[in-house]
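The values are calculated or read from the model by the stated rules, or taken from the named source; none is laboratory data. The model shown is predicted, which means the values in this text are computed figures rather than measured ones. Please note: Cβ atoms are built from the backbone with ideal geometry, for glycine as well, and neighbour counts cover all protein chains shown. Remember, those area values only see protein heavy atoms, side chains included, never the ligands or the DNA or RNA. Shrake-Rupley method; radii C 1.70, N 1.55, O 1.52, S 1.80 Å.
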Amino acid sequence: ARFILGDLRRPDGRLLRSRRAGRGSVPAFCEDYGAVALGLLALYRATGGAEWYRAAAEMVEAMVALFRDPEDGAFFTTGRDAPLSPARRKDFSDHPGPSAIGLAAEALLTLGAYSGEPQFRARAEQVWRAAGPRLERAPHALPYLLAVLLTAHGPQRQVAVVGPVDDPRTRALRAAAEGEYRPGLAVALGDGLHDGGVPLLAGRALPGGRPAAYVCDALACAAPTGDPAELSRLLSGLFRVTHPGA
C-alpha cells in the first residue's frame, strides 16, 4: 500500500497504471481507483490504521472527480484528463475480472458505511439505475455489480471495536465481529481515545476504561458491550439468513 501511494503516483497525486524500472506514465483507470480504494479499506479493517481509511476516502473522492459521468452517475473507464478520443466508454461487464463500474459502486457503498455520508450510497444507486437495462437483459455479464447490489439491499450495519490493540479483550471482540461472513457489515477499529478521522469511531469511548464494541445503524449506535458472546448474538440476529419457505 505504501508503494502504491508513494511510488505509483505522479507528483500531483494522480495514480499510475504501472511502473517499470522506476518509471510510469500511463494514468490509472477507474478499475484501478476502485480496487485500490477497496484494498485500503480492507487494510484499515485488518489493522485499525486510520491512515489507510483516510487514503481510501481520498481515493474514492479522486475516482468520482476523474471518472464519474454527471449525466447518469455511471463511471467512464478512462479519466477526464485522458487524451481526447472519439468517445469515452463505460465498462459494465466483468471480463474476466470485476468491471470498473462494479468496483466503483462497491467502493462508494463501503465508504458510505464507514463515513455515514449518504452521498456515497446515493451515487452507488445511480450506478445501479444506469446499469438497469443491462442487468435486465444480461445479468450473467454483470455478476460483480449484482453482488454489490444484493449486499446493499441486505442488512447494513457497522461495528466499532475500541480498545488497546494488544489487549486480549479487544482481540476477542474483533474475533466476534469477524467470526462470520457478513457482506453488509463494516468493522472499524480504534483505541477509544482518538478517532483518527474515522467517522464511525467519533465519540466511541472506552466505557469504564474497558474495551467495547458498538453496533451501529447508519452511525447511530446501541449501548456498547464488552462481551464477545453478546456481540456475536446481536450480529447473528441482525444478519440472520432466511430461506424461501422456511
Post the alpha-carbon centroid distance, the stretch 143-161 to the stretch 72-108, in whole angstrom.
-> 21 Å
How much accessible area per residue does the chain have, in Å², with a 1.4 Å probe?
-> 51 Å²
Determine ³J(HN,Hα), in whole Hz, for all residues of the stretch 203-215 in sequence, where each value follows from phi through the Karplus function 6.51 cos²θ - 1.76 cosθ + 1.60 and θ = phi - 60°; x replaces Gly and Pro.
-> x, 8, 8, 8, x, x, x, 10, x, 7, 10, 10, 9
Per the rule of 0.36 nm per residue minus the C-alpha distance, extending Arg88 to Glu51 adds in nm 10.0 nm
Cα lying deepest toward the dipole's positive end in the chain, options Pro164, Ala46, Ala220, charges on Cβ = Ala46
Give the angle, between 0 and 90 degrees and rounded to the nearest 10, that separates the Cα long axis of helix 30-47 from the longest principal axis of the Cα atoms of the chain.
-> 20 degrees
Please give the length that would be gained between Ser18 and Thr77 if that part of the chain were fully extended, namely 0.36 nm times their separation in residues minus their C-alpha to C-alpha distance (nm, one decimal).
-> 19.6 nm
Which percentage, to the nearest 5, of the DSSP beta bridges contained in the chain is antiparallel?
-> 65 percent
The answer for the longest stretch of the chain without any exposed GluC sites (Glu not before Pro) (DSSP loop, at most 13 further Cβ atoms within 10 Å) is 72-179
Enumerate the calculated ³J(HN,Hα) couplings along the stretch 11-26 in order (Karplus 6.51 cos²θ - 1.76 cosθ + 1.60, θ = phi - 60°), each rounded to whole Hz, writing x wherever the residue is Gly or Pro.
-> x, 7, x, 5, 5, 9, 6, 7, 8, 9, 6, x, 10, x, 9, 7
List the trypsin sites (Lys or Arg not before Pro) in the stretch 19-61 that DSSP assigns to loop (not H, G, I, E or B) and whose Cβ has at most 15 other Cβ atoms within 10 Å. Which are they?
-> Arg19
Taking amide H positions as placed in the peptide plane 1.01 Å from N, state which residues far from Ala186 in sequence (5 or more) or on other chains have amide H under 5 Å from it.
-> Arg157, Gln158, Val159
Helix 143-152 axis, angle to the chain major axis (alpha carbon atoms, nearest 10°) = 40 degrees
For helix 168-177, report the angle its Cα long axis makes with the longest principal axis of the Cα atoms of the chain; keep it between 0 and 90° and round to the nearest 10°.
-> 60 degrees
Approximate spin-label separation His140-Ala229, in nm, with each point projected 7 Å along Cα-to-Cβ = 4.9 nm
What are the ³J(HN,Hα) values, in whole Hz, obtained from phi via the Karplus relation 6.51 cos²θ - 1.76 cosθ + 1.60 with θ = phi - 60°, for each residue of the stretch 128-138 in sequence order, with x given for Gly and Pro?
-> 5, 5, 5, 8, x, x, 5, 4, 6, 7, 8
Evaluate E = 1/(1 + (r/R0)^6) for Ala220 and Ala147, where r is the Cβ-Cβ distance and R0 equals 35 Å; express this FRET efficiency to the nearest 0.05.
-> 0.85
